[in-house]
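Below: one structure, written as structure tokens.
The values are calculated or read from the model by the stated rules, or taken from the named source; none is laboratory data. What you see is a predicted model; the values in this text were computed from it and never measured. Positions of Cβ are generated from backbone atoms using ideal geometry, with glycine treated the same way; all protein chains shown enter the neighbour counts. What goes into the accessible areas is simple: the full protein's heavy atoms, side chains included, and nothing from ligands, DNA or RNA. Shrake-Rupley method; radii C 1.70, N 1.55, O 1.52, S 1.80 Å.
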Amino acid sequence: MQMSIAVVLLAALLSPVVLAQQQAVDWARYNSVPGNWNYVEQTQLNKENIKYLEIKWAFPIPPASVGDPYFSGSEGVVHTPLIYKGVVYFVTNWHRVYALDLSTGKTLWSVDLPPPKEFVDQILADKPPLWEPFFRGHFHQIHIFEIDGRPYLFLITNYYYLIAIDPFTGDVKLRHPIFTADYLANIPGNRGVYDVSTPSFTIDTRRKILVVGPGTPEDQGAGRGFFVGVDLKPWLE
């Protein structure tokens, strides 16, 4: 489900029994399952009852702040929202994370993720050719991973910070730079321009290791790809 307009729609069956069954099935990863199959074994919808679908609620996504030097103009949401324990999660292209009640659409919490001042100062001052001073772009994926029985909402911002959030409270548990201009400059053969959209990533929940690579544009200026592993144990133990 792609959402670039300022409305999030949820559809639910009229039957409260079927609605309860649907809420019992989580969609906690970008493509649902660890293998990224984009598929969940759900049988509540079929050719007999599909005609009873209706819009249950709508959530108007607010616009980005006018005059914001980094995110102004980055409207809407493009990634598929997550569903976990009866809550809908998504992040706007202007870096606000929302948690909504699945049954009512009521906002449970929201948190903004502005770029850190030291990052902004470095980018605007140095402007190395291998790095664009960007902060806008699309969030392509967010995930909820359970580590040692505790859930975390993980995302990587367009300024390449790893963020881990408590999905129940909205508290930011981890805020760590994955890539910096200096870091990228020291990778042999690292040339080209990186994209303004968030990169793909996954987490080995048993060993607590995040694996991520930079996003690249689809043109002749694309940077060479590489992967980085980040040990999460110092923060999550």
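Here are some notes:
- Rounded FRET efficiency, nearest 0.05, which uses the C-beta distance separating residue 40 from residue 110 and R0 of 30 Å: 0.70
- Probe 1.4 Å - accessible area at residue 96, Å² to nearest ten: 60
- For residue 103 and residue 173, the FRET efficiency from 1/(1 + (r/R0)^6), where r spans their Cβ atoms and R0 equals 25 Å, is about 0.40.
- Of the cross-linked pairs 56/233; 47/106; 51/106; 106/208; 85/173; 56/173, those separated by over 29 Å at the C-alpha level are 56/233; 47/106; 106/208; 56/173.
- Local electrostatic count at residue 152 - Lys and Arg +1, Asp and Glu -1, tallied over other residues with Cβ under 12 Å: -1
- Here the simple spin-label model places points 7 Å from the Cα toward Cβ, and for residue 47 and residue 72 these points are separated by 5.4 nm.
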